[in-house]
Structures are given as C-alpha cells and as structure tokens.
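Structure record follows, encoded as structure tokens.
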Amino acid sequence: MTGLIQRLIGRKTAKFMEQHRRRRIDLTQEGYTAIYAVGDIHGCYDSLVEAQRRIVEDAGTIPGQKLLMFLGDYVDRGPRSNDVLQHLCEPPPAGFDRYILCGNHDDVFLKFLDDPRANSYWLEFGAVQTLTSYGVDAEYLLLEEGRSIEELCETVRQAVPHAHVELLRSLPIAILVGPILFVHAGIRPGIPLAQQSDQDLIWIRDPFLTEGPQLPVLVVHGHTPGLEPVFGNRRIGIDTAAAMGGSLTVLKIANGRQTILTQVF
C-alpha cells in the first residue's frame, strides 16, 4: 500500500497542526481501590475481550470502585478495529469507571475523515486493515476504479458508524490520578501538564523515553512498542506490540504497587 499511495499522491509527511485541545482530566479525588491500564490494542479485538475478562475476574476480589484506563491506539495494523471501537462505545463493566485516551493512530484516523487530502499519509500508517474491518477495499477503489482520495474518504465516512466518529472526537488526552499520569506517548520532560501540547502527548518518544518526565509524577504510557513492559525512570511503558506478534499488556495499580496483571497473546 505504501507504493500505491506514493504513486497516487506523492510522499506526504505527518502534519501536526494543533486543532482544538483535547481534554486533560484530574481524577485525584476519586479514591479508586484499583486501576487497570491497558496498552495499545491496534485492532486486536480478541485480545481486548480476553484482557477485559481477566480484569473483571481479578477485580472481583477487590471491594470498592475500580478504574479501567485505555491508553490509545485502538485502530490500525490489527484486523478488527471496527469491533474494537464498537466495544469501546458500549458501557464499561459493572463496578468500573472507564476512560479511553486518544492515541496518535486514533487522532490521524479522525483527521483523515475530516480532511482526507491533508491527512492522506494515514493510508501508509496501518490504515488498510482498519478500512478492511469496515468493508472498504482502499486498493481496489484507488487503483481499479480510479477513485480520488476524497472519493475514498466519502466511502469510508459512509461505512464508519457515527458513534465511532463521535467516540474518536471525545477522547481525552491525559488523565491524572494522584501522582500517576496516564497518557498515550509520554510528556515533554519538565513541562507542566497544562503547557504540554497534544502533539507531544500522543507522539513523543525521546527525550521522554531517556530522560523521564522530570516532574513529580509517574507516567503510564503506551506508543513505543517492545516485547516486554518497561519500568523506567518514573515511567511505565506497556505497549507490547499486540498487532505485531506481541501481546496486549494490562498493568494493575493497587495498594501502592504497580504490577503486570497479565499479557494476552
């Protein structure tokens, strides 16, 4: 698909223009007895369902209200992005509050729907599997039928349920729970949360990965895949490459401890 898009529209690079700022939420006063954070799902619906089953089973032994936190990147690469977004549109398990953070793939998908020509690079960004999950064959439409990018996007708009689009628009970008900050990618080291850009919160790697947050918070994030979770310098990374032969990782935070509840392969 990469060669196809290059031939049709030329090389495009990601555009990081800030639009409306996504919400930052402070849940410090909520008093959850346990928090479960789920790494990058990337269309791996079966792994998501199994991870949630294990979370609910584990939480059954813990009294009080629990928090379920998804760290972004629900679409692209894996085979069932449609089903993942539909699952996230449905109510959370009983006894849980749930927050669904925005990832860079989710953001680019939405931007493509809003302005396909300016954001056509999404088609080289793992989008083929996402479109297939909605019954859209992008290669056939572009090559065999000669559709334009705008015409392809109109087909996609008709295929994607309105509820999925509204979900993508509503996603917050950072959530603080006491001294723990949940974001998709990380933060710009040493910069107060209120001054962080949306771009950094969903795209950053270095210097965050090497320097840590340089703030009095523990950052729980995804975005940078690895074979195992990373317990680093005031950060915990739990993107374990679910759609690339790895696993879907669940981090459990309870009684002042951070542990890996499970890795679903």
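Given the residues Gly237, Gly222, which is the only one that is within 30 Å of His20 (Cα to Cα) and touching an Asp or Glu at 6+ places or on another chain (Cβ under 7 Å)?
Residue meeting the stated conditions: Gly222.
Any idea which of (1) without any contact (Cβ under 8 Å) to a residue 40 or more places away in the chain; (2) surrounded by 14 or more Cβ atoms within 10 Å (Cβ to Cβ); (3) out of contact with any Asp or Glu (no Cβ under 9 Å at 6 or more places or on another chain); (4) closer than 23 Å to Arg23 by Cβ is the one Thr155 doesn't satisfy?
Just one mismatch for Thr155, condition (4).
Select from the stretch 101-119 the residues that are of a type in the set (A, V, I, L, M) and touching a helix residue (DSSP H, G or I) at 6+ places or on another chain (Cβ under 7 Å) and write down the one among them that is surrounded by the fewest Cβ atoms within 10 Å (Cβ to Cβ).
Of everything passing the filter in the stretch 101-119, Leu113 is surrounded by the fewest Cβ atoms within 10 Å (Cβ to Cβ).
Examine the stretch 158-171 for a residue that is part of a loop (DSSP other than H, G, I, E, B), more than 22 Å from the chain's Cα centre (by Cα) and without any contact (Cβ under 8 Å) to a residue 60 or more places away in the chain, and state whether such a residue exists.
From the stretch 158-171, those part of a loop (DSSP other than H, G, I, E, B) are 160-161, 171; that's our starting set.
If we keep only those that are more than 22 Å from the chain's Cα centre (by Cα) as well, we get none.
The answer is no, given that none of the residues of the stretch 158-171 is part of a loop (DSSP other than H, G, I, E, B), more than 22 Å from the chain's Cα centre (by Cα) and without any contact (Cβ under 8 Å) to a residue 60 or more places away in the chain.
Could you count how many residues in the stretch 242-263 are in contact (Cβ under 8 Å) with a residue 40 or more places away in the chain and not in a helix (DSSP H, G or I)?
Summing the residues that are in contact (Cβ under 8 Å) with a residue 40 or more places away in the chain and not in a helix (DSSP H, G or I) in the stretch 242-263 gives 11.
Exactly one of (1) of a type in the set (Val, Ile, Thr); (2) surrounded by 15 or more Cβ atoms within 10 Å (Cβ to Cβ); (3) outside any helix (DSSP H, G or I) is unmet by Val56. Its number?
(3)
Only one residue in Asp83, Asp137 is modelled with pLDDT of 95 or more and within 23 Å of the chain's Cα centre (by Cα). Which one?
None of the other options fit; the residue is Asp83.
The values are calculated or read from the model by the stated rules, or taken from the named source; none is laboratory data. From a predicted model like this one, the values you see are computed outputs, not experimental measurements. In this analysis, Cβ positions are derived from the backbone assuming ideal geometry, glycine residues included, and neighbour counts consider all displayed protein chains.
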